[in-house]
Amino acid sequence: MDYIILLFRTIRVWLKRDSGQYWPSIYHAMPSPCSCMSFNPETRRLSIGLDNGTISEFILSEDYNKMTPVKNYQAHQSRVTMILFVLELEWVLSTGQDKQFAWHCSESGQRLGGYRTSAVASGLQFDVETRHVFIGDHSGQVTILKLEQENCTLVTTFRGHTGGVTALCWDPVQRVLFSGSSDHSVIMWDIGGRKGTAIELQGHNDKVQALSYAQHTRQLISCGGDGGIVVWNMDVERQETPEWLDSDSCQKCDQPFFWNFKQMWDSKKIGLRQHHCRKCGKAVCGKCSSKRSSIPLMGFEFEVRVCDSCHEAITDEERAPTATFHDSKHNIVHVHFDETRGWLLTSGTDKVIKLWDMTPVVS
């Protein structure tokens, strides 16, 4: 059965009719504006986060024409930002604007534990096998916690974004975590390899709003405020971007940078502005980095600054794109990807919902 669940101040379920059109089957008003949701198709359990900090739970009927209230969780002191329902453990995980992460037992409704984050959380993912929860927040940090039945321990934190984390996506097979950010980038964190590898993906001109992952083809779908839908091929051997090196003079021509007063005086030369080559990470002047090139295996699908020697070394094969770009023609806020059908649902700030057939590119 094809259906769409919408949230505003109301919950609306739209069913696909024989005509191919979607028509509403449920219209349910809520006491407070809805802020997020989690739906489990297997149990038809719908968990709704509200602006007042409450999580309301419903069961949808088999024909999706009726919804029955089950229970309410007084989970947070302010707006609920993210919800996850974990069927295997009967847990409801949530974050709120009160900077609290909490988890409840969905059978008893009892609060099992909580953790205070450094900033308001904006991304939430969970690995059932290891019971690790991943929390991305507005400070740009990703926190990893190990959950037990009634307590949690801090495992580690990742810091790689220069803007707030806006979306998280977890691949339990390859054991990698993807984080999207307002700094326009996506970072792939190698969790399972335990090498601390962080691969950067640059393919948006505005903040990344949502992420989805097709496990069977190892393709990542990122959607942004620029209206772009980018499909990344993650089944390639990607390279880490190098650390930017520090230097008082150009590491190619040895010309001093503008703060190197001693060398400027000794050589009687005006200091130059410092740049960095995106491929080797060396500190270079503008004259020694006048070329631009895409470096897809490093995640740079757009042309970026490289030093002249690296530009000559990059082959046409290395410039071959590893992502495809599509224009949604609206500022995407939320997405949902149905991997079984290959359908992508996007909703935007224009209050328009679009349904895309992604099978030509996600295959």
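The values are calculated or read from the model by the stated rules, or taken from the named source; none is laboratory data. Since the structure is predicted, the reported quantities are computational estimates derived from the model, not experimental observations. Positions of Cβ are backbone-derived with ideal geometry, glycine not excepted, and every protein chain shown enters the neighbour counts. We work out accessible area using only protein heavy atoms, side chains counted, and drop any ligands, DNA or RNA first. Shrake-Rupley method; radii C 1.70, N 1.55, O 1.52, S 1.80 Å.
How large, in percent, is the carbon and sulfur part of the accessible surface of the stretch 197-314 at a probe radius of 1.4 Å? Mind showing how you got there, number by number?
Details: 2770 of 5760 Å².
Roughly 48 percent, rounded to a whole number.
For the stretch 1-112, rounded, prolate or oblate, judged on the Cα gyration tensor with a ≥ b ≥ c (square roots of eigenvalues), a/c < 1.5 rounded, else prolate if a/b > b/c? Write out the running numbers ahead of the final one.
On the way: a/c = 2.38, a/b = 1.64, b/c = 1.45.
Judged from the Cα gyration tensor, the stretch 1-112 comes out prolate (a/c at least 1.5, a/b above b/c).
Which one, Ser363, Phe337, Val352, projects farthest toward the positive side of the charge dipole computed for the stretch 288-363 from Cβ point charges (K/R +1, D/E -1)?
So the residue furthest toward the plus end is Val352.
With Cβ to Cβ distances under 15 Å as the rule, what net charge do the other residues near Gly109 carry (K, R +1; D, E -1)?
On the way: positive: Arg45, Lys71, Arg111; negative: Glu57, Glu90, Glu107, Glu150.
Residues close to Gly109 contribute a combined charge of -1.
Please report the net charge: other residues with Cβ closer than 14 Å to the Cβ of His184, K and R +1, D and E -1. List each step's numbers first, then the result.
Working: positive: Lys207; negative: Asp183, Glu200, Asp206, Asp226, Glu301.
Charge balance in the 14 Å sphere: -4.
Show His276, His336 ordered by accessible area, largest first, where the area counts protein heavy atoms only and the probe is 1.4 Å.
On the way: His276 20, His336 120 Å².
So the residues, ranked largest to smallest area, are His336, His276.
Give the long-range amide H neighbours of Gly123: residues separated by 5 or more places, or on another chain, with amide H under 5 Å away, using H modelled in the peptide plane at 1.01 Å from N.
Answer set, sorted by chain and number: Gly136.
Hey, got a sec? Which trypsin sites (Lys or Arg not before Pro) in the stretch 43-79 land in a DSSP loop and have at most 15 other Cβ atoms within 10 Å? Numbers along the way, then the final one.
Details: sites: Arg44, Arg45, Lys66, Lys71, Arg79; in loops: Arg44, Lys66, Arg79.
Hits after loop and neighbour filter: Arg44, Lys66.
Run the numbers for Val236 and Ser267: contour at 0.36 nm per residue of separation, minus the present Cα-Cα distance, in nm. Let's see the in-between values first.
Details: separation 31, 0.36 × 31 = 11.16 nm, distance 4.72 nm.
The span from Val236 to Ser267 would gain 6.4 nm if fully extended.
Count charges around Trp244 for me, please; just the other residues with Cβ under 10 Å from its Cβ, Lys/Arg as +1, Asp/Glu as -1. Let's see the in-between values first.
Details: positive: Arg278, Lys282; negative: Glu243, Asp246.
Neighbour charge sum, excluding Trp244 itself: 0.
Report, ordered by chain and residue number, the aspartates and glutamates lying within cross-link reach of Lys329, taken as a straight Cα distance under 14 Å and ignoring same-chain residues fewer than 8 apart.
Answer for Lys329, where 14 Å is the Cα cut-off: Asp206, Asp226, Asp350, listed by chain and number.
Roll a 1.4 angstrom probe over the protein heavy atoms and tell me the percent of accessible area of the stretch 35-92 that is carbon or sulfur. It would help to have the intermediate numbers written out before the result.
On the way: 1130 of 2550 Å².
Here carbon and sulfur together make up 45 percent of the probe-accessible area.
Got the relative contact order for the chain handy, in percent, Cα pairs under 8 Å and 6 or more residues apart? Could you put the intermediate results ahead of the total?
Numbers: 913 pairs, mean separation 26.4, N = 363.
That works out to 7 percent.
In the set (i) 23.6, 82; (ii) 22.1, 70; (iii) 21.3, 65, which value of Rg and Dmax of the Cα atoms in Å was calculated from the structure you see?
Matching entry in (i) 23.6, 82; (ii) 22.1, 70; (iii) 21.3, 65: (i).
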